[in-house]
1. Roughly how compact is region 20-403, stated as its Cα Rg over 2.2 N^0.38 Å to two decimals?
2. Pairs of Cα atoms under 8 Å, at least six residues apart: use those to get the relative contact order of region 20-403, whole percent.
3. Straight-line reach from LYS296: which lysines have a Cα under 23 Å away, not including same-chain ones fewer than 8 places off?
4. Packing-wise, with mean Cβ within 10 Å as the measure, how do 202-215, 149-162 rank, highest first?
5. Just grab the label-to-label distance for LEU207 and SER366, each label 7 Å out from Cα along the Cβ direction, in nm (one decimal).
6. Cross-link partners among lysines for LYS254, C-alpha distance below 22 Å, same-chain residues fewer than 8 apart left out?
7. Taking the beta-carbon count within 10 Å as an exposure proxy, list GLU363, GLU126 from fewest neighbours to most.
8. Tell me which residues come under 5 Å, amide H to amide H, from PHE43 once H is placed; ignore anything under 5 positions away on its chain.
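Every read-out reported here was derived from the displayed coordinates using simple, explicitly stated rules and does not represent laboratory data. For clarity, every value in this text was computed on a predicted model and none was experimentally measured. Don't worry about glycine lacking a Cβ; one is built from the backbone with ideal geometry, like all the others, and counts go over all protein chains shown.
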Amino acid sequence: MLDQTFYNIEFWKYLSIPVVAALVGWSTNWVAVKLTFYPLEPFGWPPFFGWQGIIPSKAAKMGAITSDTTLAKLGTLKELFGSMEPETIADYLNQIISPKIEAYVEWVMLEESPEVWKVIPEFIKEMIYDNVRRKLPETIREMMLDISENIEEMVDIKTVVVKQLTREKWIVNKIFLECGEVEFRFIIRSGIYFGLFFGIIQMLVWLFFPQGWVLPVFGLIVGFATNWIAIRIIFQPLNPIKVGKYIIQGIFLKRQKEVSAVWCNIVAREIITLGNIVNEMLVGEKSRTTNNLIRKHIRKVVEEMAGLAKPVLTFTVGSDTFSHIKDAASEKAVLFTASAFEDPAFNDNRAAIVKRMMQERMEQLSPEEFQYLLRPAFQEDELKLILLGALLGFLAGMAQLYFIFG
């Protein structure tokens, strides 16, 4: 009789309830995580007739939050730029520009006064080249120190972060996926365990109350609860609690040192790069301040580049044209400066220094401050993810009722 009951088809139907619940818990969590990050660009007409990953859709907001809640605690822009060693940057610029001095001077002169430049004797041209070559290193060094001292008047760090994350949404995903790799894997895997637990309860309830509403309602509960519990375990408890020989704390918060290394590496190499800072300085909202500073230093170089040839140049081209030459040299210096920071190796070298500085400070953040690295990804839209899990669980319960017990 016992064997007959064991092999009875009804037994396997009942046994399928916790199995399906475990699959529902796993699948709803998997779908929730995927929909958090993909697709990068809107598909269809979100939010009701299409979708865009929650994180990419809020790239600008995430950038602002990152800047306000985390970067603000890791150092000012002046400190970050200072850690890049402005004098080393000046030496690098000199190495890039020095071989191009003749081309640079000719570019300026041929554009401003081509006929005159063609008839100027070669010895005077050589005198000008030598003067520029001698004066430029000192001028660039002074200019970089000046920039370092006044960097916050030229660049808004929040603007740099928001622009980069809005333009390159994959970076936002990379930050969260690499920093939260363990946590997202836990969310998906935990759906099986929590789903199985609730499924056993669901099976017992169905055994005594085989009503049509039980499976869909429990499916909804499983989908809701597995996501809700998983998110809570990631961030809570906030501060470590000692229970016997065990320390209980949110699993993300336990990995502060490991996550700090990953986060700082991505931010230093993809967002707050020397190239991005320089680009914002030269073409951003505060570029006028930058251009004025560069103009001040380059006009001085042009004055000195003429040296003994200045009376000849002034007489030949006229004082007004000579003044225009100084302005043209300043404008072209901006273009030269922008192109000089396209070397990935030098950018990576500076990024490594910035990473070290930020990482040391991030490892010292309190749990309250540290949680905001990933918390914004869930906090604003976690209810949406939880309700999505509930909906998928409900649909799975309906399918179970129809196909297995129908």
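1. Taking the Cα Rg and dividing by 2.2 N^0.38 Å, one obtains 1.41.
2. 31
3. LYS78, LYS100, LYS135, LYS286, LYS310, LYS326, LYS332
4. 149-162, 202-215
5. 5.0
6. The reachable lysines, counting only those whose Cα sits under 22 Å from LYS254, are LYS73, LYS174, LYS242, LYS245, LYS355.
7. Arranged by neighbour count, lowest to highest, GLU363, GLU126 become GLU126, GLU363.
8. Residues meeting the criterion, in which the H sits 1.01 Å from N, are TRP51, GLN52.
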